[in-house]
Structure formats: C-alpha cells, structure tokens
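Working notes, structure below.
Laboratory data are not the source of any read-out in this text; all were calculated from the coordinates shown. Note that the coordinates shown come from a computational prediction; the quantities given were computed from them, not determined experimentally. Glycine gets a Cβ as well: all are built from the backbone with ideal geometry, and neighbour counts include every protein chain shown.
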C-alpha cells in the first residue's frame, strides 16, 4: 500500500553495496545515491536473526529483530543525536548493546540498553554524552541483543546507516510548526527518514486512539515494506 508521509531526499544516498528496491510511497521520498559509504557490507540487512525461547514466540508478531529503515538500510537525520527505532521480538534477554561507528569503522559511542520484558518497537535515543554527528558524514549503527547473556559471534543484531544533513531553509521553517504530524510530514517530504519516523512514532504513542495517526503510521511502514510490524506496540 502507498503512504504519503515520507518522500526521500534528493542528493543523498545509501551505502554503495546496499540492497535497493524499497517501495515508494508519498509519505517518504528516498534519496538519490550520492556520497555513499565505501565500507558498507553487501550482507547488511534490516532484519536480523533471533534465537528465541520457543515458549515465548508470538504467533502474531515477527520473531526477528527488525530495523525501522527503508530497504536500503540507510536514512538521513537533521539531529546531532538522532533517535533510532528497532522492532524487538519477545525474548529472555536482559540487555542489548548499541554501537555507533564512523564510516571507516572507528567506534564513536557504545551503550548498554535494558530490554528485559520489552517487546515491540523501541526508541534508542543517542544520549548527550555521545559525540554529535558531523554533517555530511556517514555512520553505521548496530543493536545486538544478548539473548545468551553475552556477546558472541552468534549474537543476533541489526544494523543501519545514518547521515546527518543540513536542513534547507524551507525544511527548517517547516520543522518549527507546533503540529507534530505536520512536522513529520515535512521531514518525510524532504526525505529525512530517522526524524520523520521517530516524530510520528512519538506522536502516535501519545495519541494511540487517533485514527489519522494510526493510518499515517501504517502507511509509512507499508511504504518501506514493513507491514509485518504495523500493529506492534511502540515503547
């Protein structure tokens, strides 16, 4: 189904070896390839493996980690420290580890996130002690879930790429609107994925019975082929 909130921004792009083919909706307009990371791995994916206790696997929700990203696992932000959304399936894990690296693999920030009892879409906000993202630079983030209590080669994880951009004068003006849905729509129009989806998620969470917000949320996720998690809770 086609959404109308997100329009990918022109002049920006996904990592060189990213897989393309994301469906195009009107909510989000993806960016044209440009200035892409050279070190992107061809095997990167929005969907990670997950080793679960069979007794707690939900029959109605996916059993894998899923990054809320377009299918090229890349998006832009206008934030120094953006919020990243990931779908977390039910598990016995107590902790997850979030890491952020620059384009050549240097660690920029790492933190532990408590996930005991959590399932659904979680919001990972880069904290004030994390370095601000530099404008025009690509960064790769990882979320690994310690389902066995520690990190190992078999630890399930998802990853994605983010680039901070300088907002145009028009976008900067639109972002000052009081109405959060209008801000999300403006961010989507200019292709700013991370801030678009985070703004809409926060707004929908605050007004879970708002039919317009529910429809926009469903359309946004459907437009990037994430229909399987449109009914998941948002934490």
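What to note about this one:
- Ranked by the mean number of other Cβ atoms within 10 Å per residue, highest first, peptides 164-170, 74-80 order as 74-80, 164-170.
- Linear extension gain, residue 209 paired with residue 166, 0.36 nm per residue minus alpha-carbon span: 12.1 nm
- Cα-projected label distance for residue 123 with residue 106, points at 7 Å along beta-carbon direction, nm: 3.1 nm
- For the range 88-112, the residues whose backbone nitrogen is under 17 Å from a point 7 Å from the Cα of residue 132, taken along Cα to Cβ, are 109.
- Alpha carbon convex hull of the range 122-167, volume per residue in cubic angstrom: 117 Å³
- Cα Rg over Rh - the range 54-229, Kirkwood: 0.96
- Which of 229, 84, 113 has the fewest Cβ neighbours within 10 Å, and the rest in rising order: 113, 229, 84
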